[in-house]
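The values are calculated or read from the model by the stated rules, or taken from the named source; none is laboratory data. Quick caveat: nothing in here was measured; it's all calculated off a predicted structure. A quick note on method: Cβ atoms are made from the backbone with ideal geometry, for glycine too, and the neighbour counts reach across all protein chains shown. The protein model used for the area step is the full one, side chains on, heavy atoms only, and it has no ligands, DNA or RNA in it. Shrake-Rupley method; radii C 1.70, N 1.55, O 1.52, S 1.80 Å.
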Amino acid sequence: MADTVGDHLLQRLREWGVEQVFAYPGDGINGIVTAFGAADDRPRFIQSRHEEMSAFEAVGYAKFSGRVGVCMATSGPGAIHLLNGLYDAKLDHVPVVAIVGQTERSAMGGAYQQEVDLQALFSDVASEYLVEVNVAEQLPNALDRAIRTALAKRAPTALIIPSDLQTERYTPPAHVFKDVPAGGTTEFVAPVVTAPEVELDRAAEVLNAGSKVAILVGQGARGAAAEVTAVADVLGAGVAKALLGKDVLPDDLPFVTGSIGLLGTRPSYELMRDCDTLLMIGSSFPYSQFLPEFGKARAVQIDLDGGLIGMRYPTEVNLVGDAGDTLRALLPRLSGPADRSWREKVESDVVGWWQTIEQQAHVDADPVNPMRIVWELNERLPADAIVTADSGSVANWYGKVLRMTAGVRGSLSGTLATMGNAVPYAIGAKFAHPDRPAIALTGDGAMQMNGLAELLTIRRYADRWSDPRLVVCVLHNNDLNQVTWELRAMGGAPRFDESQVLPDVSYADLARGFGIEGIAVGEPDELGPAWDRALSAPGPVLIDVRCDPEVPPIPPHATAEQALSMVQAVLKGDPSAAHLVVEGAKTKLQELLPGGKESPGR
């Protein structure tokens, strides 16, 4: 029997080394699903519970593997559902290929069932490459180009394949006019890009002139940890990390100040506030108010994408190139300051910060302090763990409290900041690294939104992972907590229960009903044993922690305006007014106790 277009699609994906396609079936892709059924080799069809989860799983796979993630959905509603995950890939610069079906070619334009203008639908999210394949000869070049473009541009791309074409006999492109041959090799080797010598000299001049150097790293520096460390040592610099770069350097290095921004640390805030020189590496951190005041610091930026350079701060020298190669070329040109007092201050601040965080994590709460959930994980974090975090208040504790060690990977929806990514990210991570434990930190809002259904996906595929440990930890506070705090701190408004309060449910009981071990935690002293049990279990586990929604995610600098808004919210009758004042005061007080200090100017 001759190969169909669907058969050839899978064959070419196999040649590219694609091991799985995260997907949900539908009649718009029946021809491709049939090809999966006939295939006796990879790629495997990995069935999510919803197309949006398929896209998130492809993003998680790509983030933690460095390879292209592939997701697939049917026409119309299925294709629409992919969009949120694909926008997550676009904004975080992740290579993902979406394959979507379309109604039969003969019905196009006839207002047929499930017919949606997919070209218009995907035109923004897949702006780097989007094509509809209408004849068999088009397929190999289109697929190759979609994969190469996704890898080269670090972006999502999309192929639209009408359903009737999928079952047609495959005929390859010919050596004739208006046929476009396939790309040949299925290898992609990224080019080595380095800045010109004269620009490296200019950058060195700026950096060598500084006496208080700050470095900010993002995910673009992930392959250059050794070079960043060497540069920081020469310059006597402290290193702050954007959230997407949280796993670039371990937090046990004494000069690493941790995350930056509203979800960041006080040492990172002070590093940027007080420095006279800034080196940004592989980061497009968007919040310029957390960078040095304009005109106060000279700045150099390194990024592989020239379009992202100079956007956030008035940089003096812009070096377009790979972080590792550029730093290696820059390093011999650097000479650090003889006075190391700046570095010593940074290291002292870091020691004080972690003491403060430990104290804050052990502040009594009703019933469990959410900071302690992550602190107890720090004490037990496996050396090869992969940690995913959802958007919401849980991202605060991921950013501030989670202490990365060498070898641990982590990520979240950094730029889109969408809810519901942590659990599918962890599933994608397990397919990328089936021999490593994965931990998803999620709020109960995200869990109710889409995480619960994906527990079934976890149960279904756990036996395919050589290390079956996947721990989902739910911060259970019955509140859409991040928005509640935003209403209070930014809007000066009390919590509106109709929008913020969530239905109460036992996530541990639900997990057990789905065939996954569930652990309920209602007291702080139960946290350590719960993590021990989950991380030593022979399969997936859900930890359901009843935690206090009124422990405030205090930003690294609390402005007068934010404090005033909080007071106004309380005076307007916030239903949790008394409790949040007590918890806020107890948490803030830890910065003034031994081991934590209130810095000058705050």
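In the full protein context, the chain carries 38 Å² of accessible surface per residue, based on a 1.4 Å probe and ignoring ligands, DNA and RNA. For the range 268-395, the carbon plus sulfur part of the accessible surface works out to 47%, probe radius 1.4 Å.
Evaluate the range 398-471: find the radius of gyration of its Cα atoms, find its Kirkwood radius, and give the ratio Rg to Rh.
We get a ratio of 0.96 for the range 398-471.
Shown here for the range 83-190: trypsin sites (Lys or Arg not before Pro) in loop regions (DSSP other than H, G, I, E, B) with at most 14 other Cβ atoms within 10 Å, namely LYS178. Neighbours of ALA299, meaning other residues whose beta-carbon lies under 11 angstrom from its beta-carbon, give a summed charge of +1 when Lys and Arg score +1 and Asp and Glu score -1. Positive-end ranking of PHE514, PRO267, VAL198 along the dipole of the chain, with charges on Cβ about the Cα centre, is headed by VAL198. Taking the DSSP bridge list for the chain and keeping only pairs wholly inside it, about 5 percent are antiparallel.
Here the translational diffusion coefficient of the chain follows from Stokes-Einstein with Rh set to the Kirkwood radius across Cα pairs; for 37 °C and 0.692 mPa s it amounts to 129 µm²/s.
Leaving out ligands, DNA and RNA, what percent of the accessible area of the range 1-60 is carbon and sulfur, probe 1.4 Å?
That fraction is 43 percent.
Relative to the longest principal axis of the Cα atoms of the chain, the long axis of helix 51-65 lies at roughly 70 degrees.
Note the angle between two axes, namely the Cα long axis of helix 452-461 and the longest principal axis of the Cα atoms of the chain, as a number of degrees from 0 to 90, rounded to the nearest 10. With both axes taken from Cα atoms, the answer is about 60 degrees. Computed over the Cα atoms of the range 74-205, pair by distinct pair, the Kirkwood hydrodynamic radius stands at 16.7 angstrom.
Per-residue ellipticity at 222 nm, computed for the chain from helices alone with -39500 (n - 2.57) per DSSP H run of at least four residues, works out to -11000 deg cm²/dmol.
Across the chain, the relative contact order, built from alpha-carbon pairs under 8 Å that are at least six residues apart, equals 12 percent. For the range 203-252, which whole-number percentage of the solvent-accessible area (1.4 Å probe, protein heavy atoms only) is attributable to carbon and sulfur atoms? Exposed carbon and sulfur together represent 54 percent of the surface. Looking only at chymotrypsin sites (Phe, Trp or Tyr not before Pro) in DSSP loops with at most 11 other Cβ atoms within 10 Å, what is the longest site-free stretch of the chain? Maximal segment without exposed cleavage sites: 295-602.
Just reorder VAL350, VAL189 by solvent-accessible area, largest first, 1.4 Å probe, all chains present.
Descending accessible area places them as VAL189, VAL350.
For the range 419-523, evaluate the Debye formula with one uniform point scatterer on each Cα (no solvent term) and list log10 I(q)/I(0) at q = 0.19, 0.20 Å⁻¹, rounded to two decimals. Debye intensities relative to I(0), on a log10 scale: -0.93, -1.00. Taking the 0 to 90 degree range and rounding to the nearest ten, how far is the long axis of helix 422-432 tilted relative to the main principal axis of the chain, both from C-alpha atoms? Between the helix axis and the principal axis of the chain, the angle is about 60 degrees.
Placing a label point 7 Å from the Cα of ARG380 along the Cα-to-Cβ direction, the residues of the range 485-518 whose backbone N falls under 20 Å of that point are 507-512, 516-518.
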